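The values are calculated or read from the model by the stated rules, or taken from the named source; none is laboratory data. Fair warning: this is a prediction, and the values are worked out from it, not measured in the lab. Heads up: the accessible areas ignore ligands, DNA and RNA and are worked out on the full protein's heavy atoms, side chains in. Shrake-Rupley method; radii C 1.70, N 1.55, O 1.52, S 1.80 Å.
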Amino acid sequence: YDRRWSSPDTGGLYLTTWIRHDRTPEGAANLSQGTALALALLCQKLGIPEIRLKWPNDLLLSGRKAAGIL
């Protein structure tokens, strides 16, 4: 799709995590959705009530993308 992944020089946090699992490739897709849901719930518990989950795996903060989980 010729998409670019970048952030301004003034900030941004990029993180890669490897999670070992015994799921099939089809079942592994649920990991990104579950991670997005868990992060949304964590943000709410930390006092960020305006965080929203844009299904299936993006987090929006005040209507702007705050995180995307692959």
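Taking every protein chain into account, the accessible area of the chain amounts to 91 square angstrom per residue (probe 1.4 Å). Taking amide hydrogens as placed 1.01 Å from N in the peptide plane, the amide H of Ala67 sits under 5 Å from those of Leu59, each at least 5 positions away in sequence or on another chain.
Starting from 0 in steps of 10 Å, tell me what percent of the Cα-Cα pairs of the chain lands in each bin. Over the chain, the share of Cα pairs per 10 Å bin runs 17, 44, 32, 7 percent.
For the chain, with all protein chains present and a 1.4 Å probe, just round the carbon and sulfur fraction of the accessible area to a whole percent. For the chain, the apolar C and S fraction of the accessible surface comes to 56 percent.
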